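Take a look at the structure below.
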Amino acid sequence: MTELFSTANLLMQAELFDPNKFNNFLVLGYFVMWLIVMGYIFILSNIQKNAREDINLMKQLLEEDEETEIA
């Protein structure tokens with residue numbers, strides 16, 4: 001266990017381990033996840049919009065079909 005601490009101390013002393021670099025990766029990770037979630041929401045909203053348009057088109061076609069059957 002002491003070997004682990006001594007290795008960590010050596011890395012920090014040699015400036016091979018930079019805590020600020022970890023923070024940059026953390027912020028980058030959050031940014032990438034935010035982009036993925038926003039892209040997913042955008043795709044879902046487009047799918048919903050297309051479904052609504054399809055339903056309205058189907059209603060319009062059914063109404064036109066009913067009008068031609070009556071006439």
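Would you work out what percent of the accessible area of region 26-71, with all protein chains in place, is carbon or sulfur (probe 1.4 Å)?
Looking at region 26-71 in its full context, I get 69 percent from C and S.
Rounded to the nearest 0.05, what FRET efficiency is calculated for Gln48 and Glu69 with R0 set to 22 Å and r the Cβ-Cβ distance?
Efficiency at R0 = 22 Å is approximately 0.10.
The values are calculated or read from the model by the stated rules, or taken from the named source; none is laboratory data. Here the structure is a predicted model, which is why all the values come from computation and not from measurement. Here Cβ is always computed from backbone atoms with ideal geometry, including for glycine, and neighbour counts include all displayed protein chains. Heavy atoms of the whole protein, side chains included, go into the accessibility calculation; ligands, DNA and RNA do not. Shrake-Rupley method; radii C 1.70, N 1.55, O 1.52, S 1.80 Å.
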